[in-house]
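See below for the structure under consideration.
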Amino acid sequence: MQQIQGVLDLNFGENVSPEGLGQGFSHSLTMKFSTAKDRDSIYLPHPVHQKFVKLFVPFTTDVLVYDYWE
């Protein structure tokens, strides 16, 4: 998905916290965008993202999306 214009950074990792507060979430996918337009108008409707959603989401029991700006 880093090939999509507007995606500045992408990180994927497994939850390794010993606190037990992950509420069932085992992995994280973090992406960085410059603007809301890059996220909303370029990334979200992009065919590569849509293909990822169709392939990935059926293998999950829940998804949490959390947007913030640094």
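The values are calculated or read from the model by the stated rules, or taken from the named source; none is laboratory data. All values reported here derive from a predicted model rather than from experimental measurement. A quick note on method: Cβ atoms are made from the backbone with ideal geometry, for glycine too, and the neighbour counts reach across all protein chains shown. We work out accessible area using only protein heavy atoms, side chains counted, and drop any ligands, DNA or RNA first. Shrake-Rupley method; radii C 1.70, N 1.55, O 1.52, S 1.80 Å.
What the table below lists for this structure:
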{"quantity": "Solvent-accessible heavy-atom area per residue, rounded to whole Å², over the chain at 1.4 Å", "calculated": "84"}
{"quantity": "With at most 10 neighbouring Cβ atoms within 10 Å, loop chymotrypsin sites (Phe, Trp or Tyr not before Pro) (DSSP) excluded, longest segment of the chain", "calculated": "1-65"}
{"quantity": "Given charges at Cβ of Lys, Arg, Asp, Glu: the chain dipole, positive-most of Ala36, Leu64, Gly13", "calculated": "Ala36"}
{"quantity": "Simple Cβ-charge dipole of the chain, Lys/Arg +1 and Asp/Glu -1, about Cα centre, in debye nearest 20", "calculated": "340"}
{"quantity": "Ser41-Leu64 FRET efficiency (beta carbon distance; Förster radius 22 Å; 0.05 resolution)", "calculated": "0.45"}
{"quantity": "Portion, in percent, of the accessible area of the chain that falls on carbon or sulfur, probe 1.4 Å", "calculated": "55"}
{"quantity": "For segment 25-38, 3J(HN,Hα) per residue [Karplus equation, 6.51 cos²θ - 1.76 cosθ + 1.60, θ = phi - 60°, Hz, x = Gly/Pro]", "calculated": "7, 9, 9, 10, 10, 10, 10, 10, 10, 6, 9, 5, 4, 4"}
{"quantity": "Three semi-axes of the equivalent ellipsoid, the chain, Cα gyration tensor, whole Å, largest first", "calculated": "23, 16, 10"}
{"quantity": "On Cα atoms only, tilt of 47-56 relative to the major axis of the chain in degrees", "calculated": "20"}
{"quantity": "Under 15 Å, Cβ to Cβ, from Ser26 - net charge with Lys/Arg +1 and Asp/Glu -1", "calculated": "-3"}
